[in-house]
Amino acid sequence: MSNPIRAPFAVIPKAVNIIRGPYSMKMEDGENAEITMYGEVVETHPTHWWTGEPLKGDFIAQDEFLQDLKSLEKAKSITIRMNSVGGDSLVGMVIHNRLRELSANGTYLICIVDGAAMSAASMIMSACDEVRINPASLVMIHRCWGFMWGGYNADELRKSAEMFDAYDRAAVTTYQRKTKMDQADLIRMMSETTWLTGSEAVEKGFADKLIEDAEPLNIAASADGRSLFVRGRQMHLTPGMFAPDNIPTVTPEASATVETNKKPAQTGEGGNSMTLEEFRVQNPEAAAQLEAEARAAVEASGAQTPPPSTAATNPTPVPEASGADDPVAAERRRIEEIDALAGLYDADTINAAKYGPTACSAQEMTFRAAQAAAGRGQKFLSDLKDDTKASGIENVGAADGSGGTGEEDTPQAMAAQAKADAKAFNDRKKEVR
């Protein structure tokens, strides 16, 4: 029997080795590829609202990921290693559909859930022909939701609800293809925000194989329930979402103890920083007003806040374990108070207050943000004054000698106008949050 003759000009697929931090794609033999997805799926990489700089985080951006995925179109099999809290529901659907297209063209898709496949990530997982899961891994499904800012009438709110319902129906379609479950049962599970361990995911059909000899992951939740720790990697849950009670929590000392009386890094341009405690000593009336505004914003959101006397005398977010208050409850309350102000500050400020090296209370966060804004305002006015002086415009008179007195162009008047504009902007933010 003769051996088959290899075509002399056969095209050998190029090796692929793409590493982008939160995900990587590798294919060495031209047939078997591996994708590692350890991050949050987003439409575009988020940026800081003030500076425009990219935010730090494990973000898997849609266009970038799909462009890289084209390099694996000739692969006979793709193994996806998953550990993701999810993210943008539409992005999850787009990646799901693109993976199903690869499967229809003959690529065998395998997903190994290393840690978690939550929300949009669970849809990406469900696109695979075979899902293998660790006993201690997690799968989470829930109904679509989103942030809404401003004022809306009943018709507009109904349209938003109809849009969310459409997203839910699309998600159900992805789950039903994988699990063969009834639509009504899937909707009920999504409405209840269902968390599944590895064996439960296999039982429900979300996974096909339990990796019995897998190394234990030791998944745990933070004391406030807002983060998961998987293989020593902290994964922040979406604001408003808490880990289920059946997941063990790490000790408050390991995840919730923070120092609030330490001086934070300098904020503002060229100004000196101080803590809220130091500011309270130097200017008690202004500090009290600042705390009252923060407390009013928290109360308006419906979150529970401690009485003013407690906030003033005990600013540390986590009390001593020997105290009367439960450290876990105190830490949860601190996080809820900060989340209540999420509409007023950027994500960096919120995350730094909750989890940063100088984590603090909602009142301290408000003070730091005000201090930073004041520093930026002072630098802006200083730069404006220098630019005006350098331009020589102060020596240019009016063509006809008419006009104002010139007092409105002084640095003092400009500073007053800047303060007025800032106050009007802040008042507007309070109205629409």
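The values are calculated or read from the model by the stated rules, or taken from the named source; none is laboratory data. Everything numeric here is computed off the predicted structure, so don't read it as measured data. With ideal geometry, Cβ positions are generated from the backbone for all residues, glycine too; neighbour counts draw on all protein chains shown. Surface areas here come from the heavy atoms of the whole protein model, side chains and all, with no ligands, DNA or RNA. Shrake-Rupley method; radii C 1.70, N 1.55, O 1.52, S 1.80 Å.
The residues on offer are R188, R143, R177, and the sole one that is open to solvent by 30 Å² or more (accessible area, probe 1.4 Å), at pLDDT 95 or above, part of a loop (DSSP other than H, G, I, E, B) and not acidic (D, E) is R143. Between A373, A342, the distinction of being within 29 Å of S222 (Cα to Cα) and modelled with pLDDT of 65 or more belongs to A342 only. Filtering the stretch 119-139 to residues that are closer than 25 Å to A184 by Cα and surrounded by fewer than 24 Cβ atoms within 10 Å (Cβ to Cβ) leaves D129, E130. Can you say whether Y38 is under 16 Å from Y23 (Cα atoms), open to solvent by 10 Å² or more (accessible area, probe 1.4 Å) and of a type in the set (F, W, Y), as far as the supplied structure shows? Spelling it out, Y38 is indeed under 16 Å from Y23 (Cα atoms), open to solvent by 10 Å² or more (accessible area, probe 1.4 Å) and of a type in the set (F, W, Y). Tallying residues that are in contact with a strand residue (DSSP E or B) (Cβ under 7 Å, 6 or more places away or on another chain), under 19 Å from W145 (Cα atoms) and not aliphatic (A, V, I, L, M) within the stretch 85-116 yields 4.
With G106, G57 as the choices, which residue is exposed (fewer than 15 other Cβ atoms within 10 Å of the Cβ) and at positive phi? Criteria check complete, one pass: G106.
A quick yes/no check of all residues on (1) among the β-branched types (V, I, T); (2) surrounded by fewer than 24 Cβ atoms within 10 Å (Cβ to Cβ); (3) at pLDDT below 95:
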{"site": "K76", "(1), (2), (3)": "no, yes, no"}
{"site": "R81", "(1), (2), (3)": "no, yes, no"}
{"site": "G87", "(1), (2), (3)": "no, yes, yes"}
{"site": "V94", "(1), (2), (3)": "yes, yes, no"}
{"site": "N97", "(1), (2), (3)": "no, yes, no"}
{"site": "E101", "(1), (2), (3)": "no, yes, no"}
{"site": "A117", "(1), (2), (3)": "no, no, no"}
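Scanning the stretch 150-174 for residues that are part of a loop (DSSP other than H, G, I, E, B) and either among the aromatic types (F, W, Y) or touching a helix residue (DSSP H, G or I) at 6+ places or on another chain (Cβ under 8 Å) (or both) gives G150, G151, Y152.
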